[in-house]
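Single-structure report; data block below.
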Amino acid sequence: MEFVILAVVIALVAVGAISGLVVSSRKKKQLPPTAPPSTPTITAPPAEPQVGEDAAETAQEPRRTIEEVGLPEAPAAPVVVGEPVAPQAPAIEVPEPTAGRLVRLRARLARSQNSLGKGLLTLLSREHLDEDTWEEIEDTLLTADVGVAPTQELVDRLRERVKVLGTRTPEDLRTLLREELLTLLGTDFDREVKTEGGETVPGVVMVVGVNGTGKTTTTGKLARVLVADGKSVVLGAADTFRAAAADQLQTWGERVGARTVRGPEGGDPASIAFDAVKEGIAEGADVVLIDTAGRLHTKTGLMDELGKVKRVVEKHGPLDEILLVLDATTGQNGLVQARVFAEVVDITGIVLTKLDGTAKGGIVIAVQRELGVPVKLVGLGEGADDLAPFEPEAFVDALIGE
Ligand code: GDP
């Protein structure tokens with residue numbers, strides 16, 4: 001009996017111990033992980049970095065395939081014959097052809113200019129073209145920076161033609177507006193950028209304008225336009241006023257394999273321009289593009305600086321073009337700049353930049369009227385090939401839709 005009681009007691013104790021273990025193990029699972037024991041345990045080094053370790057020290061390079069890594073380099077074998085191997089030059093880009101660029105970039109114009117063209121068409125389509133409507137048409141044109149005189153001319157012409165037309169279909173109106181806008185823009189201007197030069201002298205183009213208008217960028221993009229058209233180019237970084245301008249221009253040049261002549265910061269722009277043309281002659285280049293500084297500090301200062309650059313360059317031969325760069329988003333302010341520059345040098349063409357960022361495309365008409373010289377190129381974005389030869393037809397089609 002005593003033996004039986006003892007066995008039962010032992011059995012009860014054993015059951016209690018086992019169930020205690022199970023409960024405590026369940027409890028453990030619910031507890032947050034405990035801190036590691038304070039005494040270190042020696043383990044093998046982990047394959048992966050652990051939380052809390054210095055990732056920088058332990059981070060391992062991602063595994064790369066042999067193709068990615070390449071085979072180990074063989075020791076350079078001595079070159080026995082032939083030319084020494086030249087260090088690798090940066091890859092030269094092939095710019096996009098210039099023909100049809102404006103058509104490609106037309107969507108950018110249409111986006112920003114819709115209000116002008118579509119606004120005019122909507123107004124002209126009203127059943128009764130009363131005085132209020134004509135005033136609205138006038139306001140639309142003035143708001144788009146077309147300028148007072150051209151606006152008046154256009155409204156007068158439209159009034160006359162609409163009267164003659166009698167009933168107006170949307171198609172009639174579109175054709176009429178298209179024709180009249182083209183007349184205002186002028187279809188018989190010569191808009192080609194001249195780069196003929198002389199027999200032994202390259203074509204020389206001077207780029208002028210107020211800093212910030214996109215002058216250096218335009219000079220770089222123009223180099224690409226010329227290279228795309230098969231010409232060789234030398235760049236002259238005569239904007240020594242803005243610290244980064246020469247570096248910026250050189251980068252543009254390197255991309256298309258054009259050499260840049262530059263001087264020290266704050267150096268004499270005229271001597272850099274002179275040297276650039278000299279380099280162009282030595283290289284037998286087709287065109288030399290000269291970027292100039294456009295500080296409008298005083299008109300006399302500007303005149304002295306640009307006048308000197310021009311005179312010095314002309315010691316080599318006549319200039320082919322003086323292009324004025326204007327920022328289309330500056331509206332009336334741009335026209336004031338145009339006037340000042342035109343008094344200082346003989347502008348032969350206008351480059352309107354940032355036309356992608358304004359709904360005021362009328363500035364094209366106003367500035368041509370102001371200076372009596374054509375818009376030759378337009379900037380439609382910050383991309384390298386976003387400078388397009390200006391084509392009035394493509395421009396008007398973008399304004400009013402086809
Ligand atoms: P600079 O001081 O006149 O030489 O001006 P930059 O050539 O340095 O250009 C000023 C800024 O205008 C730069 O950020 C250019 O990328 C930008 N820019 C130039 N042309 C255009 C253009 O046609 N469209 C747009 N959106 N930006 C332009």
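Here are the numbers for this structure:
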read-out	value
Difference of contour (0.36 nm per residue) and Cα-Cα distance, Thr200 to Arg159	9.3 nm
Derived scalar couplings ³J(HN,Hα) [region 250-259; Karplus, 6.51 cos²θ - 1.76 cosθ + 1.60; whole Hz; x for Gly, Pro]	4, 4, 4, x, 4, 5, 10, x, 9, 6
Check: region 98-185 dipole with +1 on Lys, Arg Cβ and -1 on Asp, Glu Cβ, in debye	860
Overall Cα dimensions of region 203-392 - principal axes, largest extent first, Å	43, 37, 29
Phi to ³J(HN,Hα) by Karplus 6.51 cos²θ - 1.76 cosθ + 1.60 over region 231-240, Hz, x for Gly, Pro	9, 9, 10, 10, 10, x, 8, 8, 8, 8
Ellipsoid semi-axes in whole angstrom, largest first, where each is sqrt(5λ) of the Cα gyration tensor of region 256-312	23, 11, 10
Cβ crowding within 10 Å averaged over residues, with 141-150, 355-364 ranked highest first	355-364, 141-150
For region 289-397, alpha-carbon Rg over 2.2 N^0.38 Å	1.10
Length-normalised contact order of region 203-392 in % [C-alpha pairs under 8 Å, at least 6 apart]	24
Amide H partners (placed H, <5 Å) of Val375, local residues excluded	Ile350
Highest average packing first - 275-288, 93-106, Cβ atoms within 10 Å	275-288, 93-106
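Throughout, read-outs are computed from the coordinates displayed, never taken from laboratory work. None of the values given here were measured: they were computed from a predicted structure. When we count neighbours, we look across all protein chains shown, and the Cβ atoms used for this are built from the backbone with ideal geometry, even at glycine.
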